[in-house]
Amino acid sequence: MFMSSQWRLLIHGPASPARNMAVDEALLREVREPVLRIYEWNVPAVSLGYFQHAVLAEDRPFVRRYTGGGLVDHARDVTYTIVLPRAHPWMELSAPESYRLIHGGVQAALAACGIEGDLTPAAHPIESDACFAKPVRFDIVAGAQKLSGAAQRRTREGLLHQGSILLPDPARNDDLRRGFASAFAQRLDLTLKPSELTPQEEMRAGLLERDRYATEGWNRSRSLVS
């Protein structure tokens, strides 16, 4: 059983939608140890869930994620990714329980910025294609406002968890990014070591960006292959 509590920490500045999603999938494909990645977008893009229609993006720059879930507007949010290898003990948790655990760490990061949020106990009876219009179980909410949601995909390599945080005041985004890793790690009893992409991850990300996430075929088709 994989028992290490040491994770890699990747902090990435603004990049294109295709690059951001390619790096996330590359980390999943090459995963050897847990990863926390915090990153930014160089355009006010939206990301679509794996099964959503491209028309939902309207005229915005967009990219299709490898995970499911609803449309996420990245114009004002803070984004992070967690990647776990298949042998990690958290992989034994059900999907809802893994959301609960991870979002407990996100709660701590929000609290460190003076923002209190609660884990919603059940999905709200709302139908919407937009992630932040529909809180589901273990999302983070403050009153009627959804603060954080996520989507996951499990493969033979491990777990990809892609999360988004939408603060009431986006001027606090930089504060959240600066304090996120330490508060998250403290809540979940983890050790984070600053890291960079390996040559293999860089190569894989470049290929995925070129052949998948930057293509019309991937971003506009709903008839996808894994």
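Looking only at region 14-27, how many residues end up being open to solvent by 40 Å² or more (accessible area, probe 1.4 Å) and in contact with a strand residue (DSSP E or B) (Cβ under 6 Å, 6 or more places away or on another chain)?
Residues in region 14-27 being open to solvent by 40 Å² or more (accessible area, probe 1.4 Å) and in contact with a strand residue (DSSP E or B) (Cβ under 6 Å, 6 or more places away or on another chain): 1 in total.
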>> Here are the criteria: (1) more than 24 Å from Q6 (Cα to Cα); (2) at pLDDT 95 or above; (3) surrounded by 14 or more Cβ atoms within 10 Å (Cβ to Cβ); (4) out of contact with any Asp or Glu (no Cβ under 9 Å at 6 or more places or on another chain). Tell me which single one L207 does not satisfy.
In response: (3)
> Is there a residue being acidic (D, E), over 27 Å from L188 (Cα atoms), more than 16 Å from the chain's Cα centre (by Cα) and not in a strand (DSSP E or B) anywhere in region 51-70?
Replying inline: yes
> For region 94-194, which fully contained strands (runs of 3 or more DSSP E) count at least 3 residues that are closer than 14 Å to I82 by Cβ and without any contact (Cβ under 8 Å) to a residue 40 or more places away in the chain?
Replying inline: none
>> Consider region 28-75. How many of its residues are open to solvent by 60 Å² or more (accessible area, probe 1.4 Å) and closer than 27 Å to R8 by Cβ?
In response: 2
>> Residue under question is Q107, and the condition is that it be surrounded by fewer than 18 Cβ atoms within 10 Å (Cβ to Cβ), polar (S, T, N, Q) and more than 23 Å from A22 (Cβ to Cβ); does it hold?
In response: no
>> I'd like the full set of residues that are under 24 Å from I102 (Cα atoms), surrounded by fewer than 17 Cβ atoms within 10 Å (Cβ to Cβ) and charged (D, E, K, R), limited to region 185-204.
In response: D189, K193, E196
> So which residues in region 195-220 are touching a residue at least 60 places away in the same chain (Cβ under 8 Å) and outside any helix (DSSP H, G or I)?
Replying inline: S195, E196, L197, T198, A214
>> For region 136-162, give me the residue count where each residue is open to solvent by 50 Å² or more (accessible area, probe 1.4 Å) and either of a type in the set (S, T, Y) or modelled with pLDDT under 95 (or both).
In response: 5
> So is L166 open to solvent by less than 80 Å² (accessible area, probe 1.4 Å), farther than 23 Å from H88 by Cα and in contact with a helix residue (DSSP H, G or I) (Cβ under 6 Å, 6 or more places away or on another chain) or not?
Replying inline: yes
> Any chance region 62-71 includes a residue that's free of Cβ contacts under 8 Å to residues at least 60 places away in the same chain and out of contact with any Asp or Glu (no Cβ under 7 Å at 6 or more places or on another chain)?
Replying inline: no
> So which residues in region 112-135 are closer than 28 Å to R178 by Cβ and open to solvent by 40 Å² or more (accessible area, probe 1.4 Å)?
Replying inline: A112, G114, E116, D118, L119, F132
> Taking region 24-37, which residues are outside any loop (DSSP other than H, G, I, E, B) and in contact with a His (Cβ under 7 Å, 6 or more places away or on another chain)?
Replying inline: R37
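The values are calculated or read from the model by the stated rules, or taken from the named source; none is laboratory data. All values derive from a computational prediction rather than experimental measurement. Methodologically, a virtual Cβ is constructed for each residue, glycine included, from the backbone with ideal geometry; neighbour enumeration extends over all protein chains shown. These accessible areas exclude ligands, DNA and RNA; they are computed on the full protein's heavy atoms, side chains included. Shrake-Rupley method; radii C 1.70, N 1.55, O 1.52, S 1.80 Å.
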